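All remarks here apply to the structure that follows.
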Amino acid sequence: MSKRNNKKNNKKTSNNSSPAINSNGETGLEDQVEKIKISPRSVTGQLTSQYKARDIKIESFALSLHGHELVKDTKLELNWNRRYGLVGPNGSGKSTLLKCIGEREIPIPDWVTIFLLEREVPPSEMTALEVVTQDVASEVKRLEAEAEEAAVTEGPDSERLQWLYEALDELDPDTIIPRAAEILHGLGFSKAMQQKQAKDFSGGWRMRIALARALFIKPMI
């Protein structure tokens, strides 16, 4: 009896500890491991701009990697509709800075969207066009919730509310496929290639699909 009970308990335990499955049909084990890793970066900074402001200002910003100081007590500004380039020798912290912004290790307001393009999209049975547009439904839901909250707390003349409405217009169901196809075409994808599955592309082409996703989403940062 005890052996049978032990077998049943073992089966229950193994079922409960099975890794999660993500939207691509892959196990999320790597994501779970990544979450519990201790970051090699040490980041400090204080948000001095208003929480609802589109221009982001961080004071007393400092960044180090494995104890090596890269940035010390400086000001970090990310202004709306501005484009920035990072220039510096290897090892000066350019990629580390982008990583800490992408991982929200500095106090960037939650409503500000960020897209960090690090690697190519994974091989899957989704077409290139499907990969680019796969997050539309969840993004529309998020924007609608943000717009509802902004209308109540900031009023109809809110600058942020106007931006949210513009972002929702960009995700109109009648325009998302043509817009995604146009972006892919600009990156060298013919109509036939847009219907190919991601697994049939090389790493370089899958990197272009990842870039198309970023351009399609139009993140704030």
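Here are some notes:
- Some residue of the range 187-206 being under 26 Å from ILE56 (Cα atoms), within 19 Å of the chain's Cα centre (by Cα) and open to solvent by 30 Å² or more (accessible area, probe 1.4 Å): no
- Condition check for THR113 on (1) in a loop (DSSP other than H, G, I, E, B); (2) open to solvent by less than 70 Å² (accessible area, probe 1.4 Å); (3) without any contact (Cβ under 8 Å) to a residue 24 or more places away in the chain; (4) farther than 22 Å from PHE201 by Cα: one failure, at (3).
- Single condition LEU86 does not satisfy, out of (1) surrounded by 15 or more Cβ atoms within 10 Å (Cβ to Cβ); (2) touching a helix residue (DSSP H, G or I) at 6+ places or on another chain (Cβ under 6 Å): (1)
- Residue in the range 56-77 that is within 30 Å of GLU182 (Cβ to Cβ), assigned to a loop (DSSP other than H, G, I, E, B) and either touching a strand residue (DSSP E or B) at 6+ places or on another chain (Cβ under 7 Å) or not polar (S, T, N, Q) (or both) present: no
- Per-region count, the range 135-153, residues in contact with a Lys or Arg (Cβ under 8 Å, 6 or more places away or on another chain) and open to solvent by 60 Å² or more (accessible area, probe 1.4 Å): 0
- With respect to the stated conditions, SER92 fails to be surrounded by 13 or more Cβ atoms within 10 Å (Cβ to Cβ) and either at pLDDT 90 or above or farther than 24 Å from ILE56 by Cβ (or both).
- Residue check for SER2: modelled with pLDDT of 85 or more and either touching a strand residue (DSSP E or B) at 6+ places or on another chain (Cβ under 6 Å) or not aliphatic (A, V, I, L, M) (or both): no
- Helices (runs of 4 or more DSSP H) wholly inside the range 172-217 containing at least 3 residues that are in contact (Cβ under 8 Å) with a residue 24 or more places away in the chain: 176-186, 203-217
- Residue check, GLU130 touching a strand residue (DSSP E or B) at 6+ places or on another chain (Cβ under 8 Å) and either outside any strand (DSSP E or B) or of a type in the set (A, V, I, L, M, F, W, C) (or both): no
- Look at the range 140-167: where a residue is within 20 Å of PRO219 (Cβ to Cβ) and a partner is open to solvent by less than 30 Å² (accessible area, probe 1.4 Å) and charged (D, E, K, R), sitting 6+ places away or on another chain with Cβ atoms under 7 Å, you get ALA150/ARG160.
- Boolean, GLU120 is part of a loop (DSSP other than H, G, I, E, B), more than 26 Å from ILE101 (Cβ to Cβ) and either in contact (Cβ under 8 Å) with a residue 40 or more places away in the chain or open to solvent by 70 Å² or more (accessible area, probe 1.4 Å) (or both): no
The values are calculated or read from the model by the stated rules, or taken from the named source; none is laboratory data. All values reported here derive from a predicted model rather than from experimental measurement. Reconstructed Cβ throughout: ideal geometry from the backbone, glycine too, with neighbour counts over all protein chains shown. For accessibility, only protein heavy atoms count, side chains too; no ligands or nucleic acids. Shrake-Rupley method; radii C 1.70, N 1.55, O 1.52, S 1.80 Å.
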